[in-house]
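Worksheet for the structure shown next.
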Amino acid sequence: MKTTPCFSAAWIAIITLTAFITPQKASAQSTYFPPNTGTWETTSPQSLGWCDANIDSLYSYLNQKNTKAFIILKDGKIVLEKYFGNFTQDSIWYWASAGKTLTAFTVGLAQQDGLLKLSDASSKYLGAGWSSLSTKREDSITVWHHLTMTTGLNDAGADPDCTLPACLTYKAAAGTRWAYHNAPYTLLDQVIEGATGGNLNLYMAKKFTTTIGMKGLFVKTGYLNVYFSNARTMARFGLLLLNKGKWNGTTILSDTQYFRQQTNSSQTINPSYGYLTWLNGKSAFMAPGSQFRFPGSLNPNAPNDMYCAWGKNGQYINVVPSQKLVLIRMGNAPGGSGAASMAVGFNDVIWTFVNRLPCSSATRTTPTNQFTLYPNPVSAGSIITLQTTHTENNRAISSAVLCDAMGRILFSYTFNNQGNNANTTQIALPQTLPSGAYTLRIETQNHTETLPLMVR
């Protein structure tokens, strides 16, 4: 099996460019905060220079991808709000792992109240023997390690959601290995309850959810604790994040250092992860279920300063401080019920449509990546979709090459669509493809691009 340069120079030296929503300068307008009851004020898309036809294209794409709710806020006011099918403004949906960012914010409040410290051993609140580790190793895991996904616990067990001591075994020293692991995160809920001496939902209501008008609850689902709410509640939390823990003159999170740490790289292993919060515009990122470090930004077509709460099947809160934007999406998996990933690539495709909302695109920066793929991560034998982010001629995919992490070609695909402008191409992955990190090199008539692919 020969070696070929699957990692192109452009891929290794990838430069992520900020995507501008409108050609005008950033607004100096003060932020609007919606009342807990009554009307949420709006801003017309036309006032931002957005075209109805481009909005319709965005909605059509979202509808095709099993979306239930979609909202964009600008300066706190609703610019776009769309519900699909039977889903309504009052419908309840799950946040999945987007709730992790909500938990991280609550940990900051508990520390602000003097009820815990990030440097505390988790056993102080969970009790001795919460894991299968020796006492010394167990006591070396702190609240900070849970927040940063660096507990060192083995995430490759039969059930990574299992929070029983028998499921929590040693893999590496705390702080030396990043792994997206649900169980240590879920235990943070017990840490908060142990520190506050009360129920998690009640503590959150007392500290901030009632103040900002959130209508939702964490609900125990198997081993997991999953947050459920309507779409506007998700948007309210995004607005709170946009304003760094302040709401309409009330400072909810006064610990500015904690908020900076939550929304910036928390460690160097995966620079695209803060405190249970995903970060765009970093030099590299790691994906759930992988130990491979991908070069480049999470979402090259999104603004570099975006930080996110992301959950399974495409539950998103995107916060963009430079443009005072909040974007949220709720729904089923964009690739169908079988695609159970966070659909990171899908979020990037959404941003390609958002970038095209302005009627005039003359001053918009061309995005670095011209293709995205989803679902990603994916299971062997699944079908992945390649989506072009451009509509001009000669963007139809002519071929694709799947390479392993060493750059060796594993499979080649050829497509007979060079003469059309097909926006999507589907590839069936081999059933025998082992779990691991791969790259997919895509070629068109005048463009070559390499994208990361994770197989679970």
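With the requirement that a residue be acidic (Asp, Glu) and either buried (at least 22 other Cβ atoms within 10 Å of the Cβ) or closer than 17 Å to Asn199 by Cα (or both), what does region 97-133 give you?
Correct list: Asp113 only.
Would you confirm, using the coordinates I've provided, whether Leu62 is part of a loop (DSSP other than H, G, I, E, B), in contact (Cβ under 8 Å) with a residue 24 or more places away in the chain and within 24 Å of Tyr307 (Cβ to Cβ)?
no
What number of residues in region 263-285 are among the aliphatic types (A, V, I, L, M) and either touching a Pro at 6+ places or on another chain (Cβ under 9 Å) or in the same structural domain as Ser379 (by TED's automatic domain parsing) (or both)?
Final tally of qualifying residues: 2.
Suppose the filter is charged (D, E, K, R) and buried (at least 20 other Cβ atoms within 10 Å of the Cβ); does Glu193 pass it?
no
Is it the case that region 247-263 has a residue that's free of Cβ contacts under 8 Å to residues at least 40 places away in the same chain and not polar (S, T, N, Q)? Walk me through it before giving the result.
Initially, region 247-263 is screened for residues free of Cβ contacts under 8 Å to residues at least 40 places away in the same chain, giving 249-251, 256-257, 260-261.
Add one more test, that the residue is not polar (S, T, N, Q), and what stays is 249, 260.
For region 247-263, residues free of Cβ contacts under 8 Å to residues at least 40 places away in the same chain and not polar (S, T, N, Q): present.
What number of residues within region 294-331 are among the small types (Gly, Ala, Ser) and in a strand (DSSP E or B)?
3
Pick out the one residue from Tyr185, Tyr180 that is under 25 Å from Leu109 (Cα atoms), in a loop (DSSP other than H, G, I, E, B) and within 22 Å of the chain's Cα centre (by Cα).
Exactly one residue qualifies, and that residue is Tyr180.
May I ask you to list pairs of residues, at least six apart or on different chains, whose Cβ atoms are under 6 Å apart, with the first in region 427-443 being free of Cβ contacts under 8 Å to residues at least 60 places away in the same chain and the second being outside any strand (DSSP E or B) and of a type in the set (S, T, N, Q)?
Pairs that qualify, where the first residue is free of Cβ contacts under 8 Å to residues at least 60 places away in the same chain and the partner is outside any strand (DSSP E or B) and of a type in the set (S, T, N, Q), are Leu429/Ser382; Glu443/Ser398.
Condition check: under 24 Å from Trp95 (Cα atoms), among the small types (Gly, Ala, Ser) and touching a residue at least 24 places away in the same chain (Cβ under 8 Å). Does Gly76 satisfy that? Spell out how you get there, then give the answer.
Values: under 24 Å from Trp95 (Cα atoms): yes; among the small types (Gly, Ala, Ser): yes; touching a residue at least 24 places away in the same chain (Cβ under 8 Å): yes.
Yes; evaluated as a whole, the condition is true for this residue.
I'm checking my understanding of the structure. Among residues of region 149-182 that are crowded, with 23+ Cβ neighbours inside 10 Å and in contact with an Asp or Glu (Cβ under 6 Å, 6 or more places away or on another chain), which one is nearest to Asn225 (Cα to Cα)?
By that ranking, first place goes to His181.
Would you confirm whether any residue within region 133-147 is over 30 Å from Ala231 (Cβ atoms), among the β-branched types (Val, Ile, Thr), assigned to a loop (DSSP other than H, G, I, E, B) and at pLDDT 95 or above?
So in region 133-147, the residues over 30 Å from Ala231 (Cβ atoms) come out as 133-145.
Retained after the next criterion (residues that are among the β-branched types (Val, Ile, Thr)): 135, 141-143.
Filter once more, keeping what is assigned to a loop (DSSP other than H, G, I, E, B): 141.
So of that shortlist, the ones also at pLDDT 95 or above come out as 141.
Checking region 133-147: at least one residue is over 30 Å from Ala231 (Cβ atoms), among the β-branched types (Val, Ile, Thr), assigned to a loop (DSSP other than H, G, I, E, B) and at pLDDT 95 or above.
Inspect region 336-349 for any residue being assigned by TED's automatic domain parsing to the domain that holds Pro271, at pLDDT 95 or above and farther than 18 Å from Gly76 by Cβ and give the result as yes or no.
no
Does Val219 satisfy being touching a strand residue (DSSP E or B) at 6+ places or on another chain (Cβ under 6 Å) and closer than 19 Å to Phe105 by Cα?
yes
Are any residues in region 95-129 more than 19 Å from Leu200 (Cα to Cα) and of a type in the set (Phe, Trp, Tyr), and if so, which ones?
none
So in region 3-58, with the set limited to residues that are crowded, with 16+ Cβ neighbours inside 10 Å and assigned to a helix (DSSP H, G or I), which one is modelled with the lowest pLDDT?
Checking each candidate, the answer is Trp11.
Scan region 237-276 for residues that are part of a helix (DSSP H, G or I) and over 24 Å from Pro35 (Cβ atoms) and report the count.
Looking only at that region, the number is 7.
I'd like the residue in region 209-220 that is within 24 Å of Asn182 (Cβ to Cβ) and among the hydrophobic types (A, V, I, L, M, F, W, C) and, out of all such residues, is surrounded by the fewest Cβ atoms within 10 Å (Cβ to Cβ).
We begin by selecting, within region 209-220, every residue within 24 Å of Asn182 (Cβ to Cβ); these are 209, 214, 216-220.
Next, only the ones that are among the hydrophobic types (A, V, I, L, M, F, W, C) stay: 214, 217-219.
Details: Met214: 23, Leu217: 16, Phe218: 20, Val219: 12.
Once the filter is applied, the top-ranked residue is Val219.
Would you say Lys244 is without any contact (Cβ under 8 Å) to a residue 40 or more places away in the chain, under 18 Å from Gly76 (Cβ atoms) and in contact with a Ser or Thr (Cβ under 9 Å, 6 or more places away or on another chain)?
yes
The values are calculated or read from the model by the stated rules, or taken from the named source; none is laboratory data. The model shown is predicted, which means the values in this text are computed figures rather than measured ones. Cβ coordinates were reconstructed from backbone atoms using ideal geometry, including for glycine residues, and neighbour counts include every protein chain displayed.
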